[in-house]
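Here the structure comes first, spelled out in structure tokens, and everything after it is commentary.
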Amino acid sequence: MKAVIQCVTSCSVTVDGTVTGQIDKGFLILLGVAAEDTEKEAEKLSAKIAGLRVFTDEQDKMNLSLKDIGGAVLVVSNFTLCADYRTGRRPFFGGAARPEKAEPLYEYFCTCMQKNGIEKVEKGIFGADMKVSLLNDGPVTLVIDTDMLA
């Protein structure tokens with residue numbers, strides 16, 4: 001699994017003119033599910049994200065986690081994160097999990113975020129054409145690939 005995580009002051013996702021997910025302070029998570037991913041990767045990634053200490057404390061140090069600040073997450077599925085662009089100019093998306101595998105893992109990841117203490121987990125609509133609006137905080141943007149986690 002791959003995730004692009006952005007600290008936000010607020011963000012929302014809209015599908016066909018309707019807001020399907022919206023949060024205030026927390027993380028916007030763009031989530032890519034690779035063909036070889038399993039529930040193990042969802043569990044590992046959600047635990048890592050829930051504990052990341054990237055929010056500032058009273059001394060303006062990045063020392064607080066999402067759980068510490070009572071933050072929320074908005075999780076948006078994004079198969080393009082699994083693109084292979086090593087050759088040519090058109091990305092190859094064959095490394096992304098097929099929808100019948102990716103959607104249950106996306107949902108499981110969201111459930112894991114709640115199990116890791118994140119009370120508010122909002123979502124886009126899997127496979128839909130989504131419009132994401134956000135107000136970056138920092139900006140702080142992190143990229144995590146479960147292949148790189150211990």
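Based on the Kirkwood radius over alpha-carbon pairs, what value in µm²/s does the Stokes-Einstein equation return for the translational diffusion coefficient of region 90-150 at 4 °C and 1.567 mPa s? Translational diffusion coefficient: 89 µm²/s.
Summed over all non-identical Cα pairs, the Kirkwood treatment of region 46-115 gives a radius of 14.6 Å. With respect to the chain, whose longest principal axis is taken over its alpha-carbon atoms, helix 99-115 is tilted by about 10°.
Order 87, 56 by their accessible area, 1.4 angstrom probe, all chains in place, largest first. Walk me through the numbers on the way to the answer.
Values: 87 110, 56 75 Å².
Order by accessible area, largest first: 87, 56.
Calculate the dipole size of the chain relative to its Cα centre from +1 charges on Lys and Arg beta carbons and -1 charges on Asp and Glu beta carbons; express the result in debye to the nearest 20.
Values: 17 positive and 21 negative charges, 60 e Å.
Value, rounded to 20: 280 debye.
Surface calculation, 1.4 Å probe, protein heavy atoms: residue 68 sits at approximately 100 Å² accessible.
Counting Lys and Arg as +1 and Asp and Glu as -1, each charge on the Cβ, what is the dipole of region 1-85 about the Cα centre in debye, to the nearest 20?
Working: 8 positive and 12 negative charges, 32 e Å.
The dipole of region 1-85 has a size of about 160 debye.
Note on Rg and Dmax of the Cα atoms in Å: of the candidates (1) 15.1, 52; (2) 14.7, 42; (3) 15.1, 48, the value calculated from this structure sits at (3).
The Cβ shell under 11 Å around residue 2 holds other residues with a net charge of -4, Lys and Arg each +1, Asp and Glu each -1.
For region 13-75, the residue among 14, 59, 70 whose Cα projects farthest onto the positive side of the dipole built from Cβ charges is 59.
Charge dipole (Cα centre; +1 on Lys/Arg Cβ, -1 on Asp/Glu Cβ; no other charges) of region 70-150 amounts to roughly 240 debye.
Put simply, the C-alpha atoms of region 1-59 give a gyration tensor, and the ellipsoid matching it has half-axes of 22, 21, 8 Å, longest first.
Taking all protein chains together and a probe of 1.4 Å, list 5, 69 from the most accessible to the least accessible. Let's see the in-between values first.
Details: 5 0, 69 55 Å².
The ranking, largest first, comes out as 69, 5.
Within the shell defined by Cβ-Cβ distances under 12 Å, the residues around residue 142 carry a net charge of +2, with Lys and Arg each +1 and Asp and Glu each -1. Rounded to the nearest 500, the helix-only mean residue ellipticity at 222 nm of the chain stands at -7000 deg cm²/dmol, with each DSSP H run of n ≥ 4 adding -39,500 (n - 2.57). Can you give the angle from 0 to 90° between the axis of helix 39-51 and the longest principal axis of the chain, with both taken from C-alpha atoms, to the nearest 10? Roughly 30 degrees between the two axes. Ordered by 1.4 Å accessible area with all protein chains kept, 19, 13 run largest first as 19, 13.
The values are calculated or read from the model by the stated rules, or taken from the named source; none is laboratory data. In this text, all values refer to a predicted model and were calculated from it rather than measured experimentally. FYI the Cβ positions are ideal-geometry reconstructions off the backbone, even for glycines, and counts take in every protein chain you see. Accessible surface is based on the protein model in full, side chains and every heavy atom, while ligands, DNA and RNA are left aside. Shrake-Rupley method; radii C 1.70, N 1.55, O 1.52, S 1.80 Å.
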